[in-house]
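> Encoded as structure tokens, here's the structure I'll be asking about.
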Amino acid sequence: MGLPQIDANFSYQNNLSQRVSLLPAAAFDNTTSVINTVEEFFGIQATGTPIAPQGYIPVVFGTKQNLGATATLTQLIFDGSYLFALQGVKSLLSFNENLNEKTNLEVRKQVIEAYANVLVADEYIAITKNNIANLEKNLFEATKVYENGLIEQQAIQQLEITLLDEKTQLSNAQRSFNIAKQLLNLTLGIRVDKNVVLTNTLEGLTSENISLALLDNTLKIEKNLDYKLAENLTTQRYIELKLEQSQGMPSLNGFINYGASGFGNQFDFFSSNQDWYQSSAFGITLNVPVFSSGLRNARNQQAKIALDQAKTDFDQTIQRVKLDFEKAKSNYQYSLERFQNTEKNLVLARSIEHKSQVKFKEGLATSFDLRQAQSQLFNIQQQHLSAMVEIINAKADMETVLNTPNLRMSVEDIKNKY
């Protein structure tokens, strides 16, 4: 079970002051042995009893220096937690892949939104400049008419108010455009002062994101990344519970080692006369958990609670993903309808504004009527730009829920990239 592990150990010890042991002096007295030998050899009998010496004799065991090396191979034969740990690693790898894919989708959506904001700001500048040019032309013509005494000064003032408003809007739009470009650069991960050339127009990007077929898609919830991540979490909590339960199972390990040791009072272990004493052992170790003072049971209960909570969160995620899909689909459909309405309204507003200009020149409409028609046109122009951005963002939201396009990377690809 698992791969064998090999460890090497090297040790050197220099006893600067060797430990002294005291042994009874009587242990080294051989008087009695000598008397017994003489009695036996000569056939005589001793007349007295020898007296054993008193006190202790200091002795030193071992050498002052020793050097040794040992290599040990261990092999796990059985451990219930090992199997669940492997399952946990597989689940964690899957979680990392799903999390990376979700991050890629979220970054994609942020880039789309930032890109669309730059385009809409650029388009709004162009529209506002065109409005200012038309207003300046109207003001010039109205001034000539006023100089001939055919209209009142109030009409000129109304046109000047409208022109000043548009110039203010242009200045704000230009600042917003610069900020939007910097935000796009920041989202792309490049310097905010770096020049980025946009290859799309707002109208072209809007046309690319109009897809009635997308509304016919059905939710395949098992492809949704929030669903996958919640499923990963539930699986991990289940494995953690099994891992805790396996802590009560016995484990069996085998080992074999080989070593050599050298001894001496001087550091001459690398000389040819050095003696090396070899040793080797083989065995198995069985570890049986017996009593943990209730700690194992407490951990099991905690793991069960965590698993129940993960299951509850998983069920809630399923319902939330379904709701997110319906919401994204509704928003996308609404953005398409709003875009179509603003296109029609824009045509009508232009027609009304043009007719009001003609009537104003002919003296059939007041400056208030013309200002109202122009303000209505400018407002619908903004609504039309907003509707185009809504289409782009709503489609990106729906694709994120559906997990399209496929931006998944394997763990190996992630490692190579980062």
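> Can you tell me which of (1) more than 30 Å from Gln18 (Cα to Cα); (2) in contact with a strand residue (DSSP E or B) (Cβ under 9 Å, 6 or more places away or on another chain); (3) not aliphatic (A, V, I, L, M) is the one Gly262 doesn't meet?
It is condition (1) that Gly262 fails.
> Also, quick follow-up: Return yes or no: is Asn195 without any contact (Cβ under 8 Å) to a residue 12 or more places away in the chain and either within 16 Å of Ala121 (Cβ to Cβ) or not assigned by TED's automatic domain parsing to the domain that holds Asp369 (or both)?
Details: without any contact (Cβ under 8 Å) to a residue 12 or more places away in the chain: yes; either within 16 Å of Ala121 (Cβ to Cβ) or not assigned by TED's automatic domain parsing to the domain that holds Asp369 (or both): yes.
So Asn195 fits the description; yes.
> Have a look at Leu364, Leu323 and point out the one that is part of a helix (DSSP H, G or I) and surrounded by fewer than 15 Cβ atoms within 10 Å (Cβ to Cβ). Give the steps one after another, and end with the answer.
Details: Leu364 fails: part of a helix (DSSP H, G or I).
None of the others qualify; the one that does is Leu323.
> Only residues that are of a type outside the set (S, T, N, Q), under 23 Å from Ala71 (Cβ atoms), surrounded by 10 or more Cβ atoms within 10 Å (Cβ to Cβ) and out of contact with any Ser or Thr (no Cβ under 8 Å at 6 or more places or on another chain): list them for the range 276-297, please.
Within the range 276-297, Ala281, Phe282, Ile284 meet the criteria.
> Can you tell which of Gln372, Gln319, Gln340 is closer than 30 Å to Glu141 by Cα and not acidic (Asp, Glu)?
Details: Gln319 fails: closer than 30 Å to Glu141 by Cα; Gln340 fails: closer than 30 Å to Glu141 by Cα.
Going through Gln372, Gln319, Gln340 in turn, just one is closer than 30 Å to Glu141 by Cα and not acidic (Asp, Glu): Gln372.
> Of everything in the range 100-137, what is farther than 26 Å from Asn185 by Cα and touching a helix residue (DSSP H, G or I) at 6+ places or on another chain (Cβ under 6 Å)? Give them in sequence order. Spell out how you get there, then give the answer.
Taking the range 100-137 first, the residues farther than 26 Å from Asn185 by Cα are 130-137.
Selection gives Asn131, Ile132, Leu135.
> Considering only residues that are outside any loop (DSSP other than H, G, I, E, B) and either at positive phi or without any contact (Cβ under 8 Å) to a residue 60 or more places away in the chain (or both), which ones fall in the range 143-155?
Start the filter on the range 143-155 by keeping residues that are outside any loop (DSSP other than H, G, I, E, B), which leaves 143-147, 153-155.
Selection gives Thr143, Lys144, Tyr146, Glu147, Gln153.
> Right, something else. Could you identify the single residue in Leu214, Leu170, Leu205 that is within 30 Å of Phe95 (Cα to Cα) and in contact (Cβ under 8 Å) with a residue 40 or more places away in the chain? Break it down stepwise before answering.
Numbers: Leu170 fails: within 30 Å of Phe95 (Cα to Cα); Leu205 fails: within 30 Å of Phe95 (Cα to Cα).
Sole residue among the options that is within 30 Å of Phe95 (Cα to Cα) and in contact (Cβ under 8 Å) with a residue 40 or more places away in the chain: Leu214.
> I'd like the residue in the range 157-169 that is of a type outside the set (D, E, K, R) and either surrounded by fewer than 17 Cβ atoms within 10 Å (Cβ to Cβ) or not assigned by TED's automatic domain parsing to the domain that holds Ala365 (or both) and, out of all such residues, is modelled with the lowest pLDDT. Quick ask: steps written out before the conclusion?
Kept after step one, since they are of a type outside the set (D, E, K, R), are these residues of the range 157-169: 157-159, 161-164, 168-169.
The next check asks that each one be either surrounded by fewer than 17 Cβ atoms within 10 Å (Cβ to Cβ) or not assigned by TED's automatic domain parsing to the domain that holds Ala365 (or both); those that pass are 157, 161, 164, 168.
On the way: Gln157: 87, Ile161: 90, Leu164: 94, Thr168: 95.
Per the criteria, the residue is Gln157.
> Could you check how many residues of the range 191-216 are of a type in the set (A, V, I, L, M, F, W, C), in a loop (DSSP other than H, G, I, E, B) and either in contact with a helix residue (DSSP H, G or I) (Cβ under 9 Å, 6 or more places away or on another chain) or at positive phi (or both)? Break it down into steps so the answer makes sense when it comes.
Applying the first criterion (of a type in the set (A, V, I, L, M, F, W, C)) to the range 191-216 yields 192, 196-198, 202, 205, 210, 212-215.
Remaining after also requiring in a loop (DSSP other than H, G, I, E, B): 192, 196-198, 210.
Filter once more, so that each one left must be either in contact with a helix residue (DSSP H, G or I) (Cβ under 9 Å, 6 or more places away or on another chain) or at positive phi (or both): 192, 196, 198, 210.
So the count comes out to 4.
> Going through Val60, Val38, Val34 one at a time, which residue ends up being in contact with a Lys or Arg (Cβ under 9 Å, 6 or more places away or on another chain) and either modelled with pLDDT under 70 or under 30 Å from Ala260 (Cβ atoms) (or both)?
Values: Val38 fails: in contact with a Lys or Arg (Cβ under 9 Å, 6 or more places away or on another chain); Val34 fails: in contact with a Lys or Arg (Cβ under 9 Å, 6 or more places away or on another chain).
The unique qualifying residue is Val60.
> Right, another one. Against the conditions (1) touching a helix residue (DSSP H, G or I) at 6+ places or on another chain (Cβ under 9 Å); (2) under 20 Å from Ile127 (Cβ atoms), where does Val145 fall short? Just the number, please.
Going through (1) touching a helix residue (DSSP H, G or I) at 6+ places or on another chain (Cβ under 9 Å); (2) under 20 Å from Ile127 (Cβ atoms) one by one, Val145 breaks only (2).
> While we're on this one: Determine whether Phe269 is in contact with a strand residue (DSSP E or B) (Cβ under 9 Å, 6 or more places away or on another chain), modelled with pLDDT of 85 or more, assigned by TED's automatic domain parsing to the domain that holds Ala71 and more than 30 Å from Thr234 (Cα to Cα). Walk me through it before giving the result.
Working: in contact with a strand residue (DSSP E or B) (Cβ under 9 Å, 6 or more places away or on another chain): yes; modelled with pLDDT of 85 or more: no; assigned by TED's automatic domain parsing to the domain that holds Ala71: yes; more than 30 Å from Thr234 (Cα to Cα): yes.
Criteria not met by Phe269.
> Let me ask something else. Any residue that is surrounded by 16 or more Cβ atoms within 10 Å (Cβ to Cβ) and part of a loop (DSSP other than H, G, I, E, B) - is there at least one of those in the range 217-227?
yes
The values are calculated or read from the model by the stated rules, or taken from the named source; none is laboratory data. Just so you know, these numbers come straight off a predicted model, no measurement behind them. Cβ: placed from backbone, ideal geometry, glycine included. Neighbour counts: every protein chain shown.
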